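Derivation of every value follows stated rules applied to the coordinates shown; laboratory data play no part. Quantities reported herein were computed from a predicted structural model and do not represent experimental measurements. In this analysis, Cβ positions are derived from the backbone assuming ideal geometry, glycine residues included, and neighbour counts consider all displayed protein chains.
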Amino acid sequence: AYTAYSFGASYSDGGAFGMYAGTMPENAAAVAELAEAELRRVADEGITEEERDRALGQIAGSSALALEDSDTRMGRLARAELGTGEFLTLDTSLARFAAVTGDEIRSIAGTIAAQPLVRVAVGDVSRSTLTA
């Protein structure tokens, strides 16, 4: 995979969690299997403090940089209004992220991993290629 990340979409009454990877069609099934295996690993074993600290650092850095762009700031305001109706300062948001424990991360990963998972592909990938 040349890029991989996870994302969430939260609304007042629902949401979604996804994992994305850009890869060559012939690698699609293997990459999807690896992503699903990592989700199961986190559900079973949790994450290390080092992994948690790196994630918090990435969130803090990218969030601070994003505030420099007016489009991103407006998008943040819109997501806050649509999602919860509550706008949080950057410091409050980061404090809430920092308050999440490793056990809570393991628990939510378990909840997600227990749901039916769906694979979606765009490009020259057939169903048989994606599930091979």
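Seen against the Cα atoms of the chain and their longest principal axis, helix 49-66 is set at about 60 degrees. Subtracting the Cα-Cα distance of D103 and T131 from 0.36 nm times their residue separation leaves 6.9 nm of extension gain. Of all segments of the chain bounded by chymotrypsin sites (Phe, Trp or Tyr not before Pro) found in a DSSP loop with no more than 15 other C-beta atoms within 10 Å, the longest spans 3-86. Computed from Cα atoms, the angle from the helix 102-113 axis to the main principal axis of the chain rounds to 50 degrees.
Rounded to the nearest 20 debye, the dipole magnitude of the chain is 260 debye, with +1 charges on Lys and Arg beta carbons, -1 on Asp and Glu beta carbons, and the Cα centre as origin. For region 72-132, the set of GluC sites (Glu not before Pro) satisfying both a DSSP loop assignment and a count of at most 14 other C-beta atoms within 10 Å is given as E86.
Within region 1-74, the GluC sites (Glu not before Pro) that combine a DSSP coil assignment with at most 13 other C-beta atoms in a 10 angstrom radius are E68. Here E51 and R119 are evaluated by their C-beta separation; at R0 = 30 Å the FRET efficiency comes out at 0.75. With 0.36 nm allotted per residue and the present C-alpha distance subtracted, the E68-T111 stretch has 12.0 nm of extension available.
Against the chain, whose longest principal axis comes from its Cα atoms, helix 90-99 is set at around 60 degrees. Here the extension length gained between R40 and L82 equals 12.0 nm, from 0.36 nm per residue of separation less the Cα-Cα distance.
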